[in-house]
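Asks: Following this message is one structure expressed as structure tokens.
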Number of protein chains: 2
Amino acid sequence: MNIASILLVDDHPMLRKGVAQLISLEDNLNVMGEVGSGDEAITFAIEHAPDLVLLDLNMKGLSGIETLSALKRAKVNSKVVIFSVSDSESDVLQALKFNADGYLLKDSEPEELIEKINHALAGEFVISEPLTQILAKSLRPQSKINTFDSLTQREMENLKLIASGKSNKEIALKLGITEATVKVHNKNLFKKLGLKSRVEAAMLAVEHKVSF
Amino acid sequence: MNIASILLVDDHPMLRKGVAQLISLEDNLNVMGEVGSGDEAITFAIEHAPDLVLLDLNMKGLSGIETLSALKRAKVNSKVVIFSVSDSESDVLQALKFNADGYLLKDSEPEELIEKINHALAGEFVISEPLTQILAKSLRPQSKINTFDSLTQREMENLKLIASGKSNKEIALKLGITEATVKVHNKNLFKKLGLKSRVEAAMLAVEHKVSF
DNA sequence: CGTTAATTACCACTAAAGTAGTAGTTTGCT
DNA sequence: AGCAAACTACTACTTTAGTGGTAATTAACG
């Protein structure tokens, strides 16, 4: 196996040194460069095409996510693994959304870090153990389904049909009621949920993973 | 710590025995019962309220998912962990959707199984290692983003704003163009994607995880 | 037996959304 | 230079959506 080149991106030089040291102990890994900002990371990555970029999330200047996004847009052929202290759901999900190749926590054990980096290099998506629950949670029906508790059956049916792209006329046909009645249900459900339009209703429905 | 009671649900007696044996070796775990079908599982669970149900997915009669769904509906206060050979995305996602408390693969190492069961009992969501990638994948933007390749920049912007619930007027304001122009863009993008309304556009956008 | 909530339905509008066709600019490509 | 694509804008409609108010029917609750 070849030696894999790694770019460290973090605005804390101390931490960079620590990680660099750790990585340098591995025979098959090589720290190709260290930079302290997103801008530098992008420049460096485009220039040198490292096999993997270990990217801090909370940086001054360009944020980690922005950097990630820029790297992916630039079609840099490097794996990009987020390396962060944050275990917040939104951070993890954002990273996923922008196609990070992994998300590792800074408080991981050194051995775990090395292991996961190797897996990431092999093309696997890697994520620190404690985050699996977050992933799972975000895929579940939100408990916020309570939001819909105030809706009557009919209103709920309307909501689902709206979210499946149906017009009022089609809904009326499907439910065997008049379009006027459909409008009444819509009006009421909009008011209950504080919505302005059927589009908002549809989006709310998917957010809360209403099953159609 | 108390001894946790476990119900095994699997239509293969041999496998049940194997797992039962494995579990019985643990001091803090106790196999409270073994059943071979979803129906029996539901009856048993309601009757005896085990701390955890280890539930096979592919059973004759009531499927594992149906059983899971029934158990959750019945508000049985047991953790339900799926125990399956299937690592297919749809199975895992379905299990999540119906609020399984975990998803473990039958080819897990015995130690891992025991460990994960304990974690599940402690309230954690558990999942076999190889499945983390599946979870991650299903959260990512589908590669189908190609669908939107035919759209121009402006059409794309319109799409995003539509999907964020904005009206044509609001879109016009935001983009600094007239409402008439917004309608033109909408018309064109609807035609390109074969859509009938902005609601369909919005739904397509979320399906493909367009970033807003 | 009242009362309330849910469902249905109409009317009368106002406001959005969507469709068709025409057309002027700019930009990039040949 | 010439063409195509993208972006802009307008006119003129037609269709959907959404709001407000009124009201009858039914089922559930106390």
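Asks: Given the condition farther than 20 Å from B:LEU105 by Cβ and charged (D, E, K, R), answer yes or no: does some residue in the range B:2-25 qualify?
Replies: Within the range B:2-25, none of the residues are farther than 20 Å from B:LEU105 by Cβ and charged (D, E, K, R).
Asks: Another question about this same structure. Quickly run through the range A:160-212 and pick out the residues that are within 12 Å of chain B (Cβ to nearest Cβ) and among the β-branched types (Val, Ile, Thr).
Replies: Listed by number, the residues that qualify are A:ILE162, A:ILE171, A:VAL199, A:VAL206, A:VAL210.
Asks: Something else about it: Any residue in the range B:175-197 that is surrounded by 13 or more Cβ atoms within 10 Å (Cβ to Cβ) and away from DNA strand C (no atom under 12 Å from the Cβ)?
Replies: There is at least one residue in the range B:175-197 that is surrounded by 13 or more Cβ atoms within 10 Å (Cβ to Cβ) and away from DNA strand C (no atom under 12 Å from the Cβ).
Asks: Would you tally the residues in the range A:58-99 being among the hydroxyl-bearing types (Ser, Thr, Tyr) and not in a loop (DSSP other than H, G, I, E, B)?
Replies: So in the range A:58-99, the residues among the hydroxyl-bearing types (Ser, Thr, Tyr) come out as A:63, A:67, A:69, A:78, A:84, A:86, A:88, A:90.
Checking the rest, the ones that are also not in a loop (DSSP other than H, G, I, E, B) come to A:67, A:69, A:84, A:90.
Number satisfying all stated conditions: 4.
Asks: Keeping to the range B:163-190, report how many residues are away from DNA strand D (no atom under 12 Å from the Cβ) and within 33 Å of the chain's Cα centre (by Cα). Talk me through it step by step, then tell me what you get.
Replies: From the range B:163-190, those away from DNA strand D (no atom under 12 Å from the Cβ) are B:163-164, B:166, B:169-170, B:190; that's our starting set.
Okay, now just the ones that are also within 33 Å of the chain's Cα centre (by Cα), so B:163-164, B:166, B:190.
Qualifying residue count, the range B:163-190: 4.
Asks: Also, quick follow-up: Just the residues that are among the hydrophobic types (A, V, I, L, M, F, W, C) and either more than 21 Å from B:ASP91 (Cβ to Cβ) or modelled with pLDDT of 85 or more (or both), please, taken from the range A:135-156. Talk me through it step by step, then tell me what you get.
Replies: We begin by selecting, within the range A:135-156, every residue among the hydrophobic types (A, V, I, L, M, F, W, C); these are A:135-136, A:139, A:145, A:148, A:151, A:156.
Passing the criteria: A:ILE145, A:PHE148, A:LEU151, A:MET156.
Asks: Quick check, is B:PRO130 within 12 Å of another protein chain (Cβ to nearest Cβ) and within 27 Å of B:SER84 (Cβ to Cβ)?
Replies: Values: within 12 Å of another protein chain (Cβ to nearest Cβ): yes; within 27 Å of B:SER84 (Cβ to Cβ): yes.
Against the criterion (within 12 Å of another protein chain (Cβ to nearest Cβ) and within 27 Å of B:SER84 (Cβ to Cβ)), B:PRO130 qualifies.
Asks: So, one more: Tell me, yes or no, whether the range B:103-123 has at least one residue that is more than 16 Å from DNA strand C (Cβ to nearest atom), in contact with a Phe, Trp or Tyr (Cβ under 6 Å, 6 or more places away or on another chain) and within 14 Å of chain A (Cβ to nearest Cβ).
Replies: yes
Asks: Out of all the residues in the range A:6-28, which are at pLDDT below 95 and under 18 Å from A:GLY123 (Cα atoms)?
Replies: Hit for the range A:6-28 is A:ASN28, nothing else.
The values are calculated or read from the model by the stated rules, or taken from the named source; none is laboratory data. Just so we're clear, the structure is a prediction, and the values are computed from it rather than from any experiment. Heads up, the Cβs are rebuilt from the backbone with ideal geometry, glycines too, and the neighbour counts pull from every protein chain shown.
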